[in-house]
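Each remark here refers to the structure printed beneath this line.
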Ligand SMILES: [Zn+2]
């Protein structure tokens, strides 16, 4: 293969790599954006279920208050009747009996009065809490809606940008990258931290994974027998640079030194290279 042709493909792949990096970055951002919304939606669900619980308690308290009120009125009526009987009494024994009846009626009346007052107070307290909780639900609901609108806007912009980058990728491909290389290269850039094409350094080392390459392989790359020679360890496309001193080694040394062995070739990288 003519040397200039080889350089052209590699230069196209380097351009494509930049476009793909930007695209994959955007795709990742799209994945993580809705996290804030999910948190707010969960908060809304919790607030709504708390409202339902409070509402149930409020209804029960109202029923209790009504029942206590009826029983209190009944106790008052009974006590008043007993008191009326006193006026008709002529004998001491009857008087003692009715006095006892009135005293007992008063005790019952007082206990219902206390219960009625307590349940009325509870109704009032729960009514206040219910209102506050209703306002809290409305507030969170408003936040969820704002967040949704905001996210929709952001997602729309990012998706539009991705469509542009896809278009740009196809333009670069059209300048001289085969279908086969294009497809494999996209997968490699995605699976290998945005680095899909990288030079051989120190005469025999893949600058993507830092493995020492077989000499025969290095010779093949050097001779340019094929436009795409894939590193046997990390699957990245390798190219040979005559003027090796110009490479900035600091980049790759920092990039993946923690993850040296994790870089070994895997089935996910691409199929049948
Ligand atoms: Zn490699």
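Picking from residues in region 202-224 that are touching a residue at least 24 places away in the same chain (Cβ under 8 Å) and within 11 Å of the ligand (Cβ to nearest atom), the one that is surrounded by the most Cβ atoms within 10 Å (Cβ to Cβ) is 208. Just give me the residues in region 225-250 being within 11 Å of the ligand (Cβ to nearest atom), in a loop (DSSP other than H, G, I, E, B) and either modelled with pLDDT under 90 or surrounded by 18 or more Cβ atoms within 10 Å (Cβ to Cβ) (or both), in sequence order. Listed by number, the residues that qualify are 231, 234, 235, 236. Here residue 15 does not fit the description of being outside any loop (DSSP other than H, G, I, E, B), over 30 Å from residue 221 (Cβ atoms) and in contact with a helix residue (DSSP H, G or I) (Cβ under 6 Å, 6 or more places away or on another chain).
The set of residues from region 158-174 being touching a residue at least 24 places away in the same chain (Cβ under 8 Å) and either over 16 Å from residue 31 (Cβ atoms) or out of contact with any helix residue (DSSP H, G or I) (no Cβ under 7 Å at 6 or more places or on another chain) (or both) comprises 159, 165, 166, 168, 169, 172, 173.
In this entry, residue 41 is excluded by the filter for residues that are outside the structural domain of residue 228 (by TED's automatic domain parsing), part of a helix (DSSP H, G or I) and exposed (fewer than 14 other Cβ atoms within 10 Å of the Cβ). Looking at region 4-11, can you tell me whether even one residue there is surrounded by 12 or more Cβ atoms within 10 Å (Cβ to Cβ), assigned to a helix (DSSP H, G or I) and in contact with a helix residue (DSSP H, G or I) (Cβ under 6 Å, 6 or more places away or on another chain)? No, every residue in region 4-11 fails to be surrounded by 12 or more Cβ atoms within 10 Å (Cβ to Cβ), assigned to a helix (DSSP H, G or I) and in contact with a helix residue (DSSP H, G or I) (Cβ under 6 Å, 6 or more places away or on another chain).
The values are calculated or read from the model by the stated rules, or taken from the named source; none is laboratory data. All values derive from a computational prediction rather than experimental measurement. Reconstructed Cβ throughout: ideal geometry from the backbone, glycine too, with neighbour counts over all protein chains shown.
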